[in-house]
Each structure stands twice: as C-alpha cells, then as structure tokens.
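First up is the structure itself, then whatever we jot down about it.
The values are calculated or read from the model by the stated rules, or taken from the named source; none is laboratory data. Because the structure is a prediction, the values reported are computed rather than measured. All Cβ positions, even for glycine, are placed from backbone atoms using ideal geometry, and neighbour counts span all protein chains on display.
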Amino acid sequence: MKSSEPGAGLRLTRKEAQLLAVLRQNPGRCLSRKYLLKVVWGYDGGAVSRTVDAHIWKLRSKLEPGQRACIQTLFRDGYCWQPNAGAADRSDYCGVPPSI
C-alpha cells in the first residue's frame, strides 16, 4: 500500500531526504538556495552552487507527478513546498526567505 506521505517508500539519498524534510517543515515559505545550502549541506558564507538545483531535479524525478508539483521553483529566489500547488497562486504562499 502506498503512503500519501511524499517520499515514503522511495529510494532517496540522504541529501534528497534531508532536502525534502526541510521543504516540508516550511510549507508555504520560500527557502533560498543559500539557506538550503547552509541547512542541508552545512555550507557557510558565500557559497555559490548549483547543488541545490541538481538535487531538486533528482528529487522531483523520484516523486509522483502530483507530489512533484508541490515543489515550486521561485525564479531567482529559491524553492517552496506548496501542498496545494494547483490551488494557490504565488502570492498566497511565497513568504520571506528565512534569515541566515
């Protein structure tokens, strides 16, 4: 039986699982790449990397289509977990990125 919990029963890497957990713990908040690099990878300072984008791409490829839509890309800002992705427009769920 499949669980409705995103990522349940999937073979995720440790970083993919951590990334999914951080996104899900902050529903409706825009999480910047810089913030995700610090929280998930432990990078500090001015790290510039496409690591987050690559891991988001891999994570989406492993999720079911309805769950993929929950990870919203906010151009030049970061990513947002939106459980009801089809029900809201950006202004309803894109908050201020958490401070570092």
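I'm trying to understand the selection: among the residues of region 25-39, which are of a type in the set (D, E, K, R) and touching a residue at least 60 places away in the same chain (Cβ under 8 Å)?
Start the filter on region 25-39 by keeping residues that are of a type in the set (D, E, K, R), which leaves 29, 33-34, 38.
Residues satisfying the conditions are R29, K34, K38.
For Q25, the criteria (1) modelled with pLDDT of 95 or more; (2) surrounded by 13 or more Cβ atoms within 10 Å (Cβ to Cβ) hold in every case but one, which is (2). For region 74-89, a tally of residues being surrounded by 12 or more Cβ atoms within 10 Å (Cβ to Cβ) and modelled with pLDDT under 50 returns 1. Y79 meets the conditions (1) touching a helix residue (DSSP H, G or I) at 6+ places or on another chain (Cβ under 8 Å); (2) farther than 23 Å from L10 by Cβ; (3) of a type in the set (S, T, Y) in every case but one. The failed one is (2). Residues of region 61-86 that are under 14 Å from Q18 (Cα atoms) and charged (D, E, K, R): none at all. Counted as qualifying within region 23-69 are the helices (runs of 4 or more DSSP H) with 3 or more residues that are of a type outside the set (D, E) and farther than 14 Å from Q82 by Cα, namely 33-36, 51-62.
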